[in-house]
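Beneath this line is the structure, given in structure tokens, with notes to follow.
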Amino acid sequence: MDWLIDPLQYAFMRSGLLAALLVGLTCASLGVYVVLRHMAFIGDALAHTVLPGLVVAYLNRWNLFGGAVVAGVLTALGIGWLSRRQEVREDTAIGILFTGMFALGILLISTVRSFRDLSHILFGDILGVTATDLGLIAGVAVLVLLILALFHKELELTSFDPTHAQVIGLRPDTIRYGLLVLLALTVVVGIQAVGVVLTNALLITPAATASLLTNRLPRMMVIATVVAMISGLVGLYASYYFSVSSGAAIVLTCTACFGLAWLGRTLAQRVDR
Amino acid sequence: MKESIIPALPYNPRSFAEPIPGAPALEALNISAGYPSAGSPALRGVSLRVPVGARVALVGPNGAGKSTLLKAAAGLLPVEGGELRIFGQPIGVCQPRVAYLPQRSEIDWRFPINVHRLVLTGRYVHLGWLKRPGAHDHHLVKQVLIQLGLEHLAGRQIGQLSGGQQQRALLARALAQEADLLLLDEPLNAVDAETRAIVTEVLAGLKQQGKTAVVATHDLGRLETDFDGALYISEGREVSPPPGAFVGLPVGQELAWTG
């Protein structure tokens, strides 16, 4: 058991581990709705659009987290607003905003020669989380779980039957905007762990894994969360012992879990026949 | 559960108007309605009066405007011209009293939810934000599931039901709402004999309770046994019934000038 405990003598490993578990919990539980509502593309887009926010915050020495949240929320509202007018289809609106914002981020970066944090933003730096970061991550985790619990029946109903929601006066748009803002916050937290490029994996892979294993929503959330937290743990230790990128290791563990679930399900179906 | 400490927060605070005494359950005067994006409205100048306690069929081919009329009454589509009233009130202010049964294609049947919870969503209009369904709500759901012969399927994921069973689950939800006016869009479309018999029974039961039902159908077979009146629609307008077809109590166009 020493190999499990040894790394924890370092403060950066302890805070990294705590961050990985909290990020896994947040991303996976919200990710279940991302998968069920076919929003995988939006999750990826939001992760990319926070880049200019991060850069602007960095250049002005503001809080990076705050900059990312502002950019994410603005994009979330922008997507909703652009596609609501129905002149542009939603997937097109997302594509336009996401590439435009990402390009703006790269442009801003290219104006500064001494921008050292770029790889941290793109690929995550979970071992570099500060106490402030950890507080923010915990705050987002509590907020997301609280909202998912309080508005469970509305989220569920608008996901599978928005028509009935509208008939009883519950506007699906309200829920959708709320979910997009929540998603923006979650994505910013995910970036801490695995970076802009891979955050979407933390949202959708554990949830997709869970959806292969059960067709009950609460159970799906529990399985997704367990998959994400285990992946965080495995990824962190892999990075400690083999000096590989922690973000990549976390995501690959998620992918491996999905592969196993897929295999298990296929085999089970064979046996059934 | 200390549910009483949670204040009532309805989804639509203006939706609890009282019916106007003596007003028909559903009244349309020369209304036009349709999808805003479509060029011309799907429904043009249709009039209708459904007295409280009546069961009325909307009959017509696919694309005639039956669904449009029901959707407008359910508040899903804007009324572009004419007047549409429910219990004498404008659309949207009597929401808890109006249940709407959508066509099956409106629902994501792969979503991980079971039959009991699907039917439970019929209670949400009475709960509003933050309140969780209580013992009374669950009891009601169990009762309607028994009434519709679905009690043994309560724990099934909704996608694992047959077409007829899905249709019955949607009807169960409409009943669980305990509404006074039921707007049913094609509840008999492509269903098995068992479902058909159960729907007939449900319509008779509603009649006994003094409730009102407006049902879109393109099935001319059982109009006389299941309904009190019929309105024939084609291409968005009221048309005269086919020779020898069931008419029942007058519900259509003549109201535009007498009423």
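The values are calculated or read from the model by the stated rules, or taken from the named source; none is laboratory data. Predicted, not measured: the structure shown is a model, and the values here were computed from it. Positions of Cβ are backbone-derived with ideal geometry, glycine not excepted, and every protein chain shown enters the neighbour counts.
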Name the one entry in A:Val194, A:Val189, A:Val142, A:Val181 that is under 19 Å from the mean Cα position of the chain (by Cα), assigned to a helix (DSSP H, G or I), more than 14 Å from chain B (Cβ to nearest Cβ) and free of Cβ contacts under 8 Å to residues at least 40 places away in the same chain. A:Val142
For segment A:117-148, name all the residues that are surrounded by 19 or more Cβ atoms within 10 Å (Cβ to Cβ), of a type outside the set (Val, Ile, Thr) and at negative phi. A:Asp125, A:Asp133, A:Leu136, A:Ala141
When segment B:86-122 is examined, which residues are found to be closer than 22 Å to B:Ile158 by Cα, in contact (Cβ under 8 Å) with a residue 40 or more places away in the chain, in contact with a Gly (Cβ under 9 Å, 6 or more places away or on another chain) and more than 9 Å from chain A (Cβ to nearest Cβ)? B:Arg104, B:Val115
If A:Leu252 satisfies every condition in (1) more than 29 Å from A:Ala76 (Cβ to Cβ); (2) of a type in the set (A, V, I, L, M); (3) without any contact (Cβ under 8 Å) to a residue 24 or more places away in the chain but one, which is the exception? (1)
As an exercise: evaluate A:Ala210 against (1) aliphatic (A, V, I, L, M); (2) under 15 Å from the mean Cα position of the chain (by Cα); (3) modelled with pLDDT of 95 or more and give the number of the one condition it does not meet. (2)
Failed condition for B:Ile31, given (1) modelled with pLDDT of 85 or more; (2) buried (at least 17 other Cβ atoms within 10 Å of the Cβ); (3) in a loop (DSSP other than H, G, I, E, B): (3)
Selection over segment B:44-97 where residues are among the aliphatic types (A, V, I, L, M) and over 21 Å from A:Pro162 (Cα atoms) yields a count of 12
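Could you list, in sequence order, the residues of segment A:231-249 that are assigned to a helix (DSSP H, G or I), surrounded by 14 or more Cβ atoms within 10 Å (Cβ to Cβ) and in contact (Cβ under 8 Å) with a residue 60 or more places away in the chain?
We begin by selecting, within segment A:231-249, every residue assigned to a helix (DSSP H, G or I); these are A:231-242, A:246-249.
Going one step further and asking which of them are surrounded by 14 or more Cβ atoms within 10 Å (Cβ to Cβ), we end up with A:231-240, A:246-249.
Listed by number, the residues that qualify are A:Ser231, A:Gly232, A:Leu233, A:Gly235, A:Leu236, A:Tyr237, A:Ser239, A:Tyr240, A:Ser246, A:Gly247, A:Ala248.
Just one of B:Gly252, B:Gly164 is surrounded by 17 or more Cβ atoms within 10 Å (Cβ to Cβ) and either at pLDDT below 90 or among the acidic types (Asp, Glu) (or both); which is it?
B:Gly252
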Just wondering, is there one or more residues in segment A:152-164 that are more than 24 Å from A:Leu122 (Cα to Cα), β-branched (Val, Ile, Thr), within 14 Å of chain B (Cβ to nearest Cβ) and not in a helix (DSSP H, G or I)? no
Only one of (1) within 24 Å of B:Leu175 (Cβ to Cβ); (2) touching a residue at least 60 places away in the same chain (Cβ under 8 Å); (3) within 14 Å of chain A (Cβ to nearest Cβ) fails for B:Leu58. Which number is that? (3)
Could you list, in sequence order, the residues of segment A:22-46 that are part of a helix (DSSP H, G or I) and at pLDDT below 90? A:Ala40, A:Phe41, A:Ile42, A:Gly43, A:Asp44, A:Ala45, A:Leu46
Among (1) more than 13 Å from chain A (Cβ to nearest Cβ); (2) free of Cβ contacts under 8 Å to residues at least 40 places away in the same chain, the one test that B:Gln167 misses: (2)
Looking at (1) modelled with pLDDT of 95 or more; (2) within 13 Å of another protein chain (Cβ to nearest Cβ), which is the only condition B:Lys142 fails? (2)
Evaluate segment B:145-155: report whether one residue or more is touching a residue at least 40 places away in the same chain (Cβ under 8 Å), surrounded by 22 or more Cβ atoms within 10 Å (Cβ to Cβ) and within 14 Å of chain A (Cβ to nearest Cβ). no
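Looking at segment A:208-225, which of its residues are within 16 Å of A:Val144 (Cα to Cα) and either of a type in the set (Val, Ile, Thr) or more than 11 Å from chain B (Cβ to nearest Cβ) (or both)? Break it down stepwise before answering.
Pass one, segment A:208-225, residues within 16 Å of A:Val144 (Cα to Cα): A:218, A:221-222, A:224-225.
Passing the criteria: A:Val222, A:Ala224, A:Thr225.
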Collect the residues in segment A:166-178 that are at the interface with another protein chain (Cβ under 8 Å from one of its Cβ atoms) and in a helix (DSSP H, G or I), keeping them in residue-number order. A:Gln166, A:Val167
Which residues, taken from segment A:6-21, are loosely packed, with under 12 Cβ neighbours inside 10 Å and either at pLDDT below 85 or of a type in the set (S, T, N, Q) (or both)? A:Gln9
Surrounded by fewer than 18 Cβ atoms within 10 Å (Cβ to Cβ) and outside any helix (DSSP H, G or I) - does that describe any residue in segment A:48-60? yes
Give just the number: which of (1) at pLDDT below 80; (2) of a type outside the set (D, E, K, R); (3) touching a His at 6+ places or on another chain (Cβ under 8 Å) does A:Phe98 not satisfy? (1)
In segment B:223-240, how many residues are surrounded by fewer than 16 Cβ atoms within 10 Å (Cβ to Cβ) and not small (Gly, Ala, Ser)? 5
